[in-house]
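Every number here is computed from the coordinates shown, using simple stated rules; none is lab data. Quantities reported herein were computed from a predicted structural model and do not represent experimental measurements. Here the Cβ is made from the backbone with ideal geometry for all residues, glycine too, and neighbour counts use every protein chain on show.
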Amino acid sequence: MTSNETSAAGPPGAGAVNRPFVSLLTPAGRGAIAVVRVAGPGSVRVADAVFRPHRGVGLARTARGRVRLGRVGRRLGDEVVAVVLDEHPPAVELQCHGGVAAVEMVIDALEQAGAERADPALLVETLTDDAIVAEATLDLCRAPTLATAEILLEQAAGALRRELLGLNHLIDRDPSTAPALLCLDALIGRSAFGLRLLAGWKVVIAGRPNVGKSRLLNALAGFTRAIVDPTPGTTRDVVTLSAALGGWPIELADTAGVRGTSDPIEAEGVARSRREQAEADLILLVLDRSEPLQPMDFELAASAGHSIVVANKSDLPAAWQPGDSRARPKPVVTVSAERGDGIAELCAEIVRSLVPNAPKPGDAVPFRPRHVQALEQARQYLNEGELTSAKTLLESLVRGI
């Protein structure tokens, strides 16, 4: 054992950690950079055994916090950046290329040297006995956008934990429960946003055939994702893609045009379109501005719930004006999916509709279903005057009991 290492046990409830283990911290799959962490007793020894520095001494003789460049893996191996972290016991973080083969090469080398592959949850458990901080740290590895990562990072830094512990102090100071209930209501309100940090929001593009739905999907994506053809009924299945608008993760879905049809395949596409719309967080109802509105347009406008009316084909002579769509008070955005006119304005309106009140920097944001369930139960306890039960539940939420 080197001078950089000491033996250690895991936190209460986590079980003893008596060997090094290796975890992939970044999301699985192809990426530009991957982060691999070796933690637990013996982590420096294991990493030192496989790390071949470009110059200078090995990792075991490297000062903590100093970044080193070298290679790991069979034959030539993959070029990595390594650093021994100043923790107890010290851990080692390796940044390698994000290709699947490169990551597997690095992890396999560490396993051959004596590390055990483990889920990142085990790594987090060795670092903290705070359940919310652990959950936020794990979810941070899977954050799909920078904006969601920033919010999860604040929770990992203790924003939600501090708010929950502050709630308990508030209950002690003011047994009337009114201030605590206000804080609880605010937290529960933010949870609707927090639960979307990883899953994102679902936006469905709907409308009659040939109004430009697929072309709009391509315009929003910035590349050709859906087939575009003047033949009505070309889109028969749901075409989806993941995107980020305003920094928030969004799944866009292009659906079959809604109309009466005797074609059983197209009819199934229409049925799927209806189902997608029912599950959507937001519907983009596309209307063709270059031809007179039809009864189906008015029917769709009336039945669409949370929606934005997209008056498409503004590059052609207008057959109607936005005020004629009978869509008020729904927002109406005029675009040309063909030329890209109005797409930026549409993206801004989508963000305003989905995220009208984004959390402020430093806000506590519940981000898992168990948080919401516990907060709602605590609110019920307070309404019933059971202050001790509410405090116990909030403390358990932090500790993950």
For Ser353, Ser214, Ser176, what ranking results if the residue with the fewest other Cβ atoms within 10 Å of its Cβ goes first?
Ser176, Ser353, Ser214
Using the Kirkwood formula over every pair of different C-alpha atoms, what hydrodynamic radius in Å results for the stretch 50-172?
16.8 Å
When only Cα pairs under 8 Å and 6 or more residues apart are kept, what is the percent relative contact order across the stretch 21-127?
35 percent
Taking the Cα centre of each part, how many Å lie between the stretch 337-362 and the stretch 128-194?
26 Å
Tell me, Leu76, Leu69 in order of fewest to most beta-carbon neighbours within 10 Å?
Leu76, Leu69
Anchor Lys313: lysines whose Cα lies under 20 Å away (excluding residues fewer than 8 positions away in-chain)
Lys213, Lys330
Fewest-first ranking of Ile33, Ile308, using other Cβ atoms within 10 Å as the exposure measure
Ile33, Ile308
